[in-house]
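What follows is one structure encoded as structure tokens, with my remarks underneath.
The values are calculated or read from the model by the stated rules, or taken from the named source; none is laboratory data. Note that the coordinates shown come from a computational prediction; the quantities given were computed from them, not determined experimentally. In this analysis, Cβ positions are derived from the backbone assuming ideal geometry, glycine residues included, and neighbour counts consider all displayed protein chains. The area values use the complete protein model at the heavy-atom level, side chains included, leaving out ligands, DNA and RNA. Shrake-Rupley method; radii C 1.70, N 1.55, O 1.52, S 1.80 Å.
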Amino acid sequence: MKNEAKKTVLVVDDETKIAEVVAAYLENSGYGAFQAYDGESALDLFYKINPDLVILDLMLPKISGEEVCKALRRISRVPIIMLTAKVEENEKINGFDIGADDYVVKPFSPRELMARVNSLFRRLDNKSTPLYQTMSWNYDDLELDLNTYTVRKAGEVVNLTPNEFKILCTLTKYPNKTFTREELIEAAFGIDFDGFERTIDSHVKNLRSKIEDDTTNPVYILTVWGIGYKFGGSL
């Protein structure tokens with residue numbers, strides 16, 4: 001069982017020196033660090049330690065980083081920072097599409113990576129306390145429990161990524177507000193979010209696939225054409 005007083009990070013990279021350097025920086029910053037050097041051992045170790053964050057290289061032996069990310073997203077909302085040498089925007093968009101929360105391009109500064117780790121944990125920890133801890137919409141069709149960070153659709157638990165969960169929480173807190181993509185990024189992730197406005201569309205697409213009965217005719221995450229998105233559920 002992990003120590004609740006110290007956040008733990010799983011570092012996955014087939015370049016041993018990179019994994020060791022990142023782990024050393026993490027430990028010097030007060031985190032617990034674990035290392036894996038291929039996709040298969042990364043998944044095995046994840047199940048054993050249940051880390052608070054995964055730093056994941058994409059180019060891995062045995063099981064690729066993309067497949068590891070997809071596998072984790074099927075079972076967990078753990079934050080994932082991807083490491084990659086791929087610099088094209090479409091590659092980054094694909095990373096966010098499959099569930100990454102942040103994206104760091106190699107070669108990178110370990111200090112910058114630590115700043116991103118610290119920023120991500122701050123965003124997760126510094127959540128304002130809502131007026132209600134449990135809410136439901138459309139005759140309990142969609143339920144949000146902020147005590148347990150659980151979302152249920154038609155009574156079944158829905159496994160959302162951290163970013164999807166933050167988007168849903170932000171929209172439900174302001175049900176009559178239409179957010180531009182820029183406003184939604186700032187409200188959900190903070191002004192230090194390093195991504196593209198298009199990534200919001202990817203997260204919304206994934207979120208709809210999990211909470212809407214018909215993604216072509218959504219009732220919860222509504223598109224306001226030419227502006228952005230709003231929440232459409234009825235209490």
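A few notes on this one:
- Those residues of region 212-235 which are part of a strand (DSSP E or B) and in contact (Cβ under 8 Å) with a residue 24 or more places away in the chain, in sequence order: ILE221, VAL224, GLY228, TYR229, LYS230, PHE231
- Residue satisfying condition, being of a type in the set (A, V, I, L, M, F, W, C) and open to solvent by 60 Å² or more (accessible area, probe 1.4 Å), within set ALA71, ALA36, ALA42, ALA85: ALA85
- Single residue of region 115-145 satisfying the filter (at pLDDT 80 or above and farther than 26 Å from GLU156 by Cα) that is most open to solvent (accessible area, probe 1.4 Å): ARG122
- Meets criteria (open to solvent by 10 Å² or more (accessible area, probe 1.4 Å), of a type in the set (Phe, Trp, Tyr) and in contact with a Lys or Arg (Cβ under 7 Å, 6 or more places away or on another chain)) for TYR31: yes
- Among the residues listed as LEU56, LEU60, the single one being within 30 Å of ARG208 (Cα to Cα), at pLDDT 90 or above and either among the small types (Gly, Ala, Ser) or not in a helix (DSSP H, G or I) (or both): LEU56
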